[in-house]
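In what follows, a structure is listed as structure tokens, so that the remarks can point back to it.
The values are calculated or read from the model by the stated rules, or taken from the named source; none is laboratory data. A quick note: this is a predicted structure, and the numbers were derived from the prediction, not measured. Here Cβ is always computed from backbone atoms with ideal geometry, including for glycine, and neighbour counts include all displayed protein chains. Accessible surface is based on the protein model in full, side chains and every heavy atom, while ligands, DNA and RNA are left aside. Shrake-Rupley method; radii C 1.70, N 1.55, O 1.52, S 1.80 Å.
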Amino acid sequence: MSRDAPGQLSGTILLHGDHSVGAEVAPSISVTSTFRAVPNGDPEGLGAMNPDKHVYSRYSQNVSSRVEEVLGKINHGHAITYASGLAAAFSALVHFKPKRIAVTGGYMGCHGAINVYLKGRFEKTPIIRLDDEYQEGDLCWLETPLNPTGESRDIQYYADKIHAVGGKLLIDSTFGPPPLQYPFKFDADCIFHSGTKYFGGHSDLLCGILIVKTPEEREELWQDRIYMGNMMGSLESWLLLRSLRTMHLRIPRQSQSATEIAQWMSKAVTVPAGQEFDGIPGGVITKVWHSSLQGIDDRGFNPAAQMEGGYNATFSFLFARREQAEVFPHSLEYFVPATSLGGVESLAEQRVKSDPKENPLLVRLSIGVEEVEDLKDDLRKAFQSVAMAGL
């Protein structure tokens, strides 16, 4: 079976990578909690794809096993799913048992999961910043592209830094799903995704995903999951398997549209008040973040080389005034004023409404699969509405 070409995601693997058999074209939703025992059944088959070896749905279930097989192949590793992104984040902490955690910025939920994990630790587990000095036993938790801005960070740099002391590197790649970036190429040890976002793609499921490099490590995670009890439900697994079938069509389109929109909006930043750029009034937008706008940094890091399949489809920008950021998400027609990201519909959010630590001037956009010119026109009209209201 073909593997992903550089910067591409194989639709063949997405549709046929689970080796499904039988007459069904679309898999059934299995709701059984337990399975009829097979004489002389092999207990080592727990978690296997072979339906004859399923014992209890907390161990394995046909549709969840199928979706994990596909996820492993498209991420070039060995995948395991969880009930939510934060369930996966917590499970990663239990697995790595870090002496210290290096993390700076990023999704508030992961910081919350880290805080909950630390409550159960008898030994003090300090939190350090990404650019502090590392020690043996540290876990580097690197989110890239970064939530909410969409800026890229240099995976290889932090991999070299943490591995030099014998630590581990986890990449939160939620903003950079396949085919946009493949963190194992840059020596990541574990890839984390909130599968709720781009893998799910339709704003209708919760899912967390961890991908590791070996089947042995995946087995360790699976053993932990049995007793933590944080597996995905059958319906969510079925929805995710459905969504994966269009992932190679959705994400490149979202990436291309977001890159065009971010670069278009960035040109309005330097336009003074009283003038406009392509219908965007000057003096309204003060900054736009996006991986495509970063350029090469002082260490030589080029986001384009890391994001070989395209740039992130979620990014943020700043308004000049707080009142503008508050009104803007509700002044749009096609963008839904809602949190989350990665779905086929475009979303707009004043991020401080979900994350109190964020700048109240910041609005985050998640670009969907609508026609890009319709989205630009929607944004154009909303910017004009905000400006005309004198906010």
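Between Asp297 and Glu373, the simple label model (points 7 Å from Cα in the Cβ direction) yields a spacing of 3.8 nm.
Between the Cα long axis of helix 62-74 and the first principal axis of the chain there is an angle of about 60°, rounded to the nearest 10.
What the chain shows is 43 Å² of accessible area per residue, with the surface traced by a 1.4 Å probe over protein heavy atoms. Report, in whole Å, the centroid distance computed from the Cα atoms of the range 221-273 and the range 61-78. Cα centroid of the range 221-273 versus Cα centroid of the range 61-78: 17 Å apart. Pairwise Cα distances in the range 163-207 exceed 11 Å for 68 percent of all pairs.
Exceeding 20 Å between C-alpha atoms, which entries from my cross-link table qualify? They are Lys287/Lys357; Lys124/Lys161; Lys168/Lys213; Lys99/Lys124; Lys97/Lys213. From Lys287/Lys357; Lys124/Lys161; Lys168/Lys213; Lys99/Lys124; Lys97/Lys213, over 20 Å: Lys124/Lys161.
A simple charge model with +1 on the Cβ of Lys and Arg, -1 on the Cβ of Asp and Glu and nothing else charged puts the dipole of the range 11-245 at about 440 debye relative to its Cα centre.
Here each label is just a point 7 Å from Cα along the line to Cβ, and for Glu136 and His16 those points are 5.0 nm apart. Using a probe of 1.4 Å on the protein chains alone, the accessible area found for His95 is around 20 Å². On the chain, 53 percent of the accessible area sits on carbon and sulfur atoms, based on a 1.4 Å probe. With a simple spin-label model that places each label point 7 Å from the Cα along the Cα-to-Cβ direction, the separation between Val31 and Lys119 comes to 3.3 nm.
Below 8 Å between Cα atoms, with a sequence gap of 6+, how large is the relative contact order for the range 247-389 in percent?
Relative contact order comes out at 24 percent.
Between Thr259, Ser346, Met228, the Cα set farthest toward the positive side of the dipole of the chain (charges on each charged residue's Cβ, about the Cα centre) is that of Met228.
Taking the inverse of the mean reciprocal distance over all distinct Cα pairs, the Kirkwood hydrodynamic radius of the chain comes to 21.9 Å.
Relative to the longest principal axis of the Cα atoms of the chain, the long axis of helix 247-266 lies at roughly 20 degrees. Between Pro215, Pro148, Pro98, find the one with the highest GNM mean-square fluctuation for the chain; connect C-alpha pairs within less than 10 Å. Taking springs between Cα atoms under 10 Å, the residue moving most is Pro215. Note: relative contact order over the range 161-248, using C-alpha pairs below 8 Å and six or more positions apart, is 24 percent. Between helix 108-119 and the chain there is an angle of about 50 degrees, using the helix long axis and the longest principal axis of the Cα atoms. Ignoring lysines fewer than eight residues from Lys53 along the same chain, none have Cα atoms less than 18 angstrom from its Cα. Across the chain, Cα pairs under 8 Å and at least six residues apart give a relative contact order of 16 percent. Globularity index of the range 247-389 is 1.02 (Cα radius of gyration / 2.2 N^0.38 Å, N = number of residues). Rounded to the nearest 0.05, the FRET efficiency derived from the C-beta distance between Glu333 and Ala389 at R0 = 22 Å is 0.85.
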